[in-house]
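Please read the structure below before turning to the comments.
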Amino acid sequence: MTIKKFGTAHWEGGLKDGKGTVSTESGALSGLPYGFNTRFEGVAGTNPEELIGASHAACFAMALSGILGGAGLTATALDAKSVISLEKQPDGFAVTAAHLTLTATIPGATEEQFQDLAAKAKAGCPISKLLKADITLEATLNA
């Protein structure tokens, strides 16, 4: 079974003076502005790294939820964040890392079990598999 989803981007102009919009198939994102200034200068709007981070965090949380279910556990809260690192390199810019942080409330989970299951979700999440970058994880289990 293959599931296909898509996002679109529209761009006008040069790199620094141009502007674009991004949208998703579902319409959850529709015509969100992005550009050089939103990517490199902190201006309001979105950028590819932010969108990858949101996708990665969402995928990781869903993967962990499934893994927890397989272990007979259910989270009451999984708060995930993925920080995407974009670095200038000699041949241009590259995404070089993704750092996941997770704060979770999982009744009945031990710390050791939680860390093991979170690591499995980090490795098994489809977006983690997509990224060819160093992906790290910092996971905190609430009491």
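Just so you know, all these numbers are worked out from the coordinates, no wet-lab data involved. Everything numeric here is computed off the predicted structure, so don't read it as measured data. Positions of Cβ are backbone-derived with ideal geometry, glycine not excepted, and every protein chain shown enters the neighbour counts.
3J(HN,Hα) along region 80-95, derived from phi through the Karplus expression 6.51 cos²θ - 1.76 cosθ + 1.60 where θ = phi - 60°, amounts to 10, 9, 10, 9, 9, 9, 10, 10, 6, 10, x, 9, x, 8, 8, 6 Hz, with x in place of Gly and Pro.
Rg and Dmax of the chain, both derived from C-alpha coordinates alone, stand at 17.4, 55 Å. Only loop residues by DSSP count here, and only those with at most 16 other Cβ atoms within 10 Å; note down the GluC sites (Glu not before Pro) in region 80-143 that meet that. Answer by residue number: there is no such site.
So if I place +1 on the C-beta of Lys and Arg and -1 on the C-beta of Asp and Glu, and nothing else carries charge, what would the dipole magnitude of the chain be about its Cα centre? I want it in debye, nearest 20. Provide the component values of the computation, followed by the final result.
Numbers: 11 positive and 14 negative charges, 76 e Å.
Value, rounded to 20: 360 debye.
Simple rule: put +1 on each Lys or Arg Cβ and -1 on each Asp or Glu Cβ in the chain, find the dipole, and look at Ala109, Phe40, Gly7; the Cα lying farthest toward the positive end is Gly7.
What fraction, in whole percent, of alpha-carbon pairs in region 1-69 exceed 16 Å separation? Summing the P(r) of region 1-69 above 16 Å gives 58 percent of all pairs. Helix 111-124 and the longest principal axis of the C-alpha atoms of the chain enclose an angle of approximately 40°. Annotation note: trypsin sites (Lys or Arg not before Pro) in region 11-79 located in DSSP loop regions with a Cβ neighbour count of at most 12 within 10 Å are Lys16. With the simple spin-label model, which puts each label point 7 Å out from Cα in the Cβ direction, the Met1 to Glu87 separation comes to 3.9 nm.
Potential lengthening of the chain between Glu41 and Thr76 amounts to 8.9 nm, from the contour at 0.36 nm per residue minus the alpha-carbon distance. Rounded to the nearest 10 degrees, the inclination of helix 48-70 to the longest alpha-carbon principal axis of the chain is 20 degrees. The stretch between Ala143 and Ser65, if pulled fully straight at 0.36 nm per residue, gains 26.3 nm over its current Cα-Cα span. Ranking Ala119, Ala58, Ala80 by how far each Cα lies toward the positive end of the dipole of region 42-143 (charges on Cβ) leaves Ala58 at the top. In the structure shown, the pairs Lys5/Lys120; Lys4/Lys88; Lys4/Lys129; Lys16/Lys88; Lys81/Lys132 are assessed against 22 Å; a Cα-Cα span above that value is assigned to Lys5/Lys120; Lys4/Lys88.
Cβ crowding within 10 Å ranks Ile3, Ile67, Ile106 as Ile3, Ile67, Ile106, fewest other Cβ atoms first.
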